[in-house]
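The values are calculated or read from the model by the stated rules, or taken from the named source; none is laboratory data. Quick caveat, the model's predicted, so the values are computed rather than measured. Counting neighbours? That spans all protein chains shown, and the Cβs are built from the backbone with ideal geometry, glycine included. The accessibility values were calculated without ligands, DNA or RNA, using every heavy atom of the protein model including side chains. Shrake-Rupley method; radii C 1.70, N 1.55, O 1.52, S 1.80 Å.
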Amino acid sequence: MSIDRRVLLRGMGWAAAAGAGLTLAADAAGIVGEDRPAPRPRPQARPERPLRWASAAPTVEPRTFWQESPPPRRKPERTANDVKAVFIHHTSSPNDYTRPEVPGLIRNFAVDHVDNREWDDIGYNFLVDRGGVIYEGRAGGVANPVVGAHTLGFNVATVGIAAIGDFSDGMPAPEPMVDSLVRLIAWKLGLYGVDPRGTAVLESTNDGSRYKKGTRQIFRTVSGHRDGYSTLCPGGALYAQLPAIRERAARLQGRPAN
């Protein structure tokens, strides 16, 4: 699904005033519905402790960078027990956005998820712009296993990261974006001891995914949206970049070469 750029650019006075930012636009065709596990109390932030495969936490722009008051969230965030995998998306939107446009774009995108799709917050856990800036998406704490709404049937124990733009065949993600994806993946999976080059067994929670509800399916720990849902997301070019992203993230965690 795509959102008209003119619609996304409405009401962006705050963005111009903020003078810095991120970007977001629309989701890829066939973006997903939201899984609904039983609500859990919000956990405390993960305690700091030595982790064998830890990597440095990247800088993440908080929700306060783009959200208005009151924020679009309607319900308390839900959390899983851990993180097993990452799903990479693209927003299937123009690549010529500017930083001052970003806060308004994200606000409009969040409102679309909440008002039109009736989700309880923006679906993505994180977003990354073409300049490599990383933004917090769904609320709940960037280090916590917050359940998003990004890959129908496989939102539990996974992280949804959206690359802002269109990365279809012939349009690879730029290096600053790729570098930030690598750093974000290495850090987030490292918190839970997950190898970016590995695999994880995930159980489908929705018949609308590629796999019938209850199916236990093996995924790469860094997968594309298309691996779990019938869509071209994250675009052919970015999907082709995932093997190199996995390897770079593993090296950043300090893991030995395969």
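Quick look at the values:
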read-out: Boolean, residue 169 is open to solvent by less than 10 Å² (accessible area, probe 1.4 Å), touching a residue at least 24 places away in the same chain (Cβ under 8 Å), over 27 Å from residue 56 (Cα atoms) and of a type outside the set (A, V, I, L, M, F, W, C); value: no
read-out: Residue list for region 189-201, filter: under 11 Å from residue 86 (Cβ atoms) and either among the hydrophobic types (A, V, I, L, M, F, W, C) or open to solvent by 10 Å² or more (accessible area, probe 1.4 Å) (or both); value: 189, 192, 194, 200
read-out: Boolean, residue 85 is within 27 Å of residue 189 (Cα to Cα), at pLDDT 85 or above and open to solvent by 60 Å² or more (accessible area, probe 1.4 Å); value: no
read-out: Considering residues of region 219-235 that are open to solvent by 20 Å² or more (accessible area, probe 1.4 Å) and part of a helix (DSSP H, G or I) only, the residue nearest to residue 193 (Cα to Cα); value: 227
read-out: Among residues of region 245-258, those that are free of Cβ contacts under 8 Å to residues at least 60 places away in the same chain and either part of a strand (DSSP E or B) or of a type in the set (Gly, Ala, Ser) (or both), counted; value: 1
read-out: Failed criterion for residue 23 (all others in (1) among the β-branched types (Val, Ile, Thr); (2) buried (at least 24 other Cβ atoms within 10 Å of the Cβ); (3) modelled with pLDDT of 90 or more hold); value: (3)
read-out: Residue in region 145-154 that is of a type outside the set (Gly, Ala, Ser), at pLDDT 95 or above and surrounded by fewer than 21 Cβ atoms within 10 Å (Cβ to Cβ) present; value: no
read-out: Candidate set from region 211-258 (those that are modelled with pLDDT of 95 or more and of a type in the set (S, T, N, Q)); member that is nearest to the chain's Cα centre (by Cα); value: 223
